[in-house]
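Participant: Sharing a structure here in structure tokens format.
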Amino acid sequence: MALPLNIDFTTGNSDKKTPLVIPAKKGFTAADLSRFGEESQALAAVALENARFTGKAGSLVELVLLEKDAPRQCVLAGIGADADYDKAGAAVAARFLTSGIQALEVDFTGFDADKAGKAAASFAFGAVLRGNSLNGYRTTLKEDEKLSLKTLYFSQINSETAEKKWKKLSAIAEGILFTRMLVTEPGNKLYPETFVEQCKSLTDLGIEIEILDEKALEQAGMGALLGVAQGSARAPRLLALRWNGTGKADSRPVAFVGKGVTFDSGGISLKPGAGMEGMKWDMGGAGAVVGAMKALALRKAKADVIGVCGLVENMPDANAQRPGDVVKTMSGQTVEVINTDAEGRLVLCDVLTWVQQKYKPEVVVDLATLTGAMIITLGHEYGGLFSNCDKLADNLLKAGQKSGDGLWHLPMGDAYDKLLESHIADMKNVGPRYGGSITAAQFLKRFIEKDVRWAHLDIAGMVWADKAASFWDKGATGFGVRLLNQFISDNFED
């Protein structure tokens, strides 16, 4: 998919009517604008004081300065003490996206050219992420609501350095935007079959795709996944995407597994009507997996990764699974279904079994919008992390810190596991009300083989935002793509 902004590191811009964006470090003062002359510095000093502008990352102040005796609209974009160029780029995009202005020139005069090249790529990354808008279904936009910003020009940089870094960052951006698109789509447009169709084009990037239809899922013995799907007119699918950039045909891939409930009504255990429209994003884990796979393929990651998505719709028709039903999983273990709204773990347990049996991965990471309890615990600040391996957990925490997709490590243990005991089956699909995110993780752990390092990421509070933030507008965030990409880059590439 095309990026929302054209990024130009090479041609420059000679139109002096194009606003000039100037990155500003922490502690920036009017004296740093000496190239514009004393009169402009005096005007800027007043504006900076009134705006309390100090170069804080993501802060902006707009000025009109004299450039060779001609007025030039200028924007100071704060990068802070830590050189947060991506946050500055995002702030600029948010301000000018619907402003009527079609182009901006980002000027790095006074910066080292090589460092400026890398900084320009980071600035562009933030701008592209924040400049993404999903208005495809809106037909009555007012003129001042329509997107106008189309191009960012960069000047006074080493363009070769910028292009080299941008090649990697633009791949990650494309993965994030692909995830956002999928998560944003309504349930009548995106369901298991159409989710698969959206991903078939990834074969053009060198990704191998395998699709299991309903008959194949039955033959594999995925009774838990099929139990969730049986109340919907939409047939379930399993989608497997493999990128092998190692050059080795016999390697054991890292496995990412995503929950892909394209709409979750709760089934017979029906959710309250208020807010149910948001359950279109209950496939956010699967969305993150396919977005990460796209990013890895675009940047030609030197790693072997398999991304697997269990795709179902959870609906309450006459054939729907009932509370009290018992299903047999692909692993052979049986589950008493206490609550049909605890469906994600039923989907994941069969997909986890399938990927372990077929690909023998040493590392498995699953992502799921699994529990509302996770939002109660961590709000919308972190995804929850559960793992059977402290080293794996630490690697994911570090990847989260570096990428900006933050995680928080939560406990597991036998005491929680006992809460899943059933009188008529091997386990129940839910425990008591308290510790709900932990008992959900304990459920999944029962399907992990002993020699497999596994982590479960409950990202229920992270895939959708009710208000805009630094790198996204209200709506889908693309959470998980940067995290998984960073995790692979740090731990599985030379």
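The values are calculated or read from the model by the stated rules, or taken from the named source; none is laboratory data. This structure is a prediction, so every number in the text was calculated from the model and none was measured. Cβ coordinates were reconstructed from backbone atoms using ideal geometry, including for glycine residues, and neighbour counts include every protein chain displayed. The protein model used for the area step is the full one, side chains on, heavy atoms only, and it has no ligands, DNA or RNA in it. Shrake-Rupley method; radii C 1.70, N 1.55, O 1.52, S 1.80 Å.
Participant: Given H placed on each backbone N at 1.01 Å, which residues far from ALA465 in sequence or on other chains put an amide H within less than 5 Å of it?
Facilitator: GLY475, ALA476, THR477
Participant: Moving on to the next point. Using the heavy atoms of the protein chains alone and a 1.4 angstrom probe, what is the accessible area of the chain per residue in square angstrom?
Facilitator: Using a 1.4 Å probe on heavy atoms only, each residue of the chain averages 43 Å².
Participant: Here's another thing I want to ask about it. In the stretch 24-129, carbon and sulfur make up what percent of the accessible area (probe 1.4 Å)?
Facilitator: C and S fraction of accessible area: 48 percent.
Participant: Ok, one more. Using alpha-carbon pairs under 8 Å, 6+ residues apart, how would you state the relative contact order of the stretch 6-139 in percent?
Facilitator: Values: 217 pairs, mean separation 36.3, N = 134.
Result for the stretch 6-139 is 27 percent.
Participant: Can you list the HN-Hα couplings for the stretch 442-449, worked out from phi with the Karplus curve (6.51, -1.76, 1.60; θ = phi - 60°), rounded to whole Hz and with x for Gly and Pro?
Facilitator: 4, 4, 5, 4, 5, 10, 9, 5
Participant: Same structure, new question: Under the definition of Cα pairs under 8 Å and six or more residues apart, what whole-number percent is the relative contact order of the chain? Please report the intermediate quantities before stating the final value.
Facilitator: Details: 1153 pairs, mean separation 71.0, N = 494.
Reported as a whole number, the value is 14 percent.
Participant: Further question: Take the solvent-accessible surface of the protein heavy atoms, probe 1.4 Å, and return the percent of it on the stretch 170-312 that carbon and sulfur atoms account for. Numbers along the way, then the final one.
Facilitator: Values: 2280 of 4730 Å².
The value for the stretch 170-312 is 48 percent carbon and sulfur by accessible area.
Participant: Defining a contact as two alpha carbons under 8 Å apart and six or more residues distant in sequence, what relative contact order in percent does the stretch 253-401 show? Don't jump to the answer; show the numbers that get you there.
Facilitator: Details: 236 pairs, mean separation 49.2, N = 149.
Over the stretch 253-401, the number comes to 33 percent.
Participant: Take the residue pairs LYS56/LYS115; LYS360/LYS398; LYS68/LYS118; LYS328/LYS428 and return only those whose Cα atoms are more than 23 Å apart. Numbers along the way, then the final one.
Facilitator: Working: LYS56/LYS115 20 Å; LYS360/LYS398 25 Å; LYS68/LYS118 29 Å; LYS328/LYS428 12 Å.
Pairs exceeding 23 Å: LYS360/LYS398; LYS68/LYS118.
Participant: What's the carbon and sulfur percent of the stretch 388-450's accessible surface, probe 1.4 angstrom, rounded to a whole number? Mind showing how you got there, number by number?
Facilitator: Working: 1740 of 3530 Å².
Answer for the stretch 388-450: carbon and sulfur cover 49 percent of the accessible area.
Participant: Moving on to the next point. Are any of the pairs LYS302/LYS402; LYS302/LYS467; LYS248/LYS450; LYS302/LYS474; LYS215/LYS302; LYS248/LYS402 more than 27 Å apart by Cα-Cα distance, and if so, which? The partial results should precede the final answer.
Facilitator: Values: LYS302/LYS402 20 Å; LYS302/LYS467 37 Å; LYS248/LYS450 25 Å; LYS302/LYS474 34 Å; LYS215/LYS302 35 Å; LYS248/LYS402 29 Å.
Result: LYS302/LYS467; LYS302/LYS474; LYS215/LYS302; LYS248/LYS402 exceed 27 Å.
Participant: Heavy-atom accessible area of TYR137 with all protein chains present, probe 1.4 Å, nearest 10 Å²?
Facilitator: Here the residue's solvent-accessible area equals roughly 140 Å².
Participant: Using only helices, what value at 222 nm comes out for the chain when you add -39,500 (n - 2.57) per DSSP H run of length 4 or more and divide by the total residues, to the nearest 500 deg cm²/dmol? The partial results should precede the final answer.
Facilitator: On the way: 14 runs with 169 residues, N = 494.
Rounded to the nearest 500, the figure is -10500 deg cm²/dmol.
Participant: Please identify every one of the trypsin sites (Lys or Arg not before Pro) in the stretch 139-183 that sits in a loop by DSSP and has no more than 13 other beta carbons within 10 Å of its own beta carbon.
Facilitator: Answer in residue order: LYS142, LYS146, LYS150.
Participant: By a straight-distance test (C-alpha under 18 Å), which aspartates and glutamates pair with LYS146 as possible cross-link partners, with residues fewer than eight away in the same chain excluded?
Facilitator: ASP473
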